[in-house]
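Q: Got a structure here, written out as structure tokens. Questions coming.
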């Protein structure tokens, strides 16, 4: 019985020694870093200047960058929605903005001002570049054009013939008198009166 107690005591001492050893080997020794004795410089950002971004709500998520302030100038790139580009000037009328656009000739491009949100600031006026040269020159074939040219034939207008003179008939009014200057009406009245008298006379004779 004493023998078992001795082994148990030895085993407990070994476990205790192992736990202490494990804790000592796993403990990290703090490192004290040397603090700087000089002053720490303050980093200040460079001012961006005037910048522009594409307006939200356009039909497209980008705007074209052209080589000049007009849609006649060719497009040299695009500015995507959310991108921020530095603005270095504007056109004479202020309708176009001149932005920095690396990778193209002169490193600048022109964008329509109504499509951009611009931070406040004074922009210098930049003269327009030379007018764009059309890529192709349209030539007209005279022979082919002559096929579509028609000369209208002159139509002779009808000649005017003067109508005959208008003849208006005239009526002569009757005088209404017989030979001797007796009016026709008086003759009719006399005849009517004679007829009445004859009729009355014949009626009285029949009674």
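The values are calculated or read from the model by the stated rules, or taken from the named source; none is laboratory data. Just so we're clear, the structure is a prediction, and the values are computed from it rather than from any experiment. Cβ placement follows ideal geometry from the backbone for every residue including glycine, while neighbour counts extend to all protein chains displayed.
Q: So, residue 201, is that one over 28 Å from the mean Cα position of the chain (by Cα), assigned to a helix (DSSP H, G or I) and modelled with pLDDT under 85 or not?
A: On the way: over 28 Å from the mean Cα position of the chain (by Cα): yes; assigned to a helix (DSSP H, G or I): yes; modelled with pLDDT under 85: yes.
Judged against the criteria, residue 201 is a match.
Q: While we're here: Could you count how many residues in the range 85-122 are part of a loop (DSSP other than H, G, I, E, B) and surrounded by fewer than 17 Cβ atoms within 10 Å (Cβ to Cβ)?
A: Of the residues in the range 85-122, 11 are part of a loop (DSSP other than H, G, I, E, B) and surrounded by fewer than 17 Cβ atoms within 10 Å (Cβ to Cβ).
Q: Now for a separate question. Which residue pairs have Cβ atoms closer than 6 Å, lie 6 or more positions apart in sequence or on different chains, and pair a first residue in the range 41-65 that is farther than 11 Å from residue 115 by Cβ with a second residue that is exposed (fewer than 10 other Cβ atoms within 10 Å of the Cβ) and at pLDDT 85 or above?
A: Here the result reads 50/121, each pair linking the range 41-65 to a residue that is exposed (fewer than 10 other Cβ atoms within 10 Å of the Cβ) and at pLDDT 85 or above.
Q: Also, I was wondering about something else. Exactly one of (1) over 60 Å from the mean Cα position of the chain (by Cα); (2) at pLDDT below 70 is unmet by residue 164. Its number?
A: Only one criterion is unmet by residue 164, namely (2).
Q: Right, another one. Select from the range 48-84 the residues that are surrounded by fewer than 16 Cβ atoms within 10 Å (Cβ to Cβ), in contact with a helix residue (DSSP H, G or I) (Cβ under 8 Å, 6 or more places away or on another chain) and at pLDDT 90 or above and list them in ascending order.
A: Within the range 48-84, just 55 meets the criteria.
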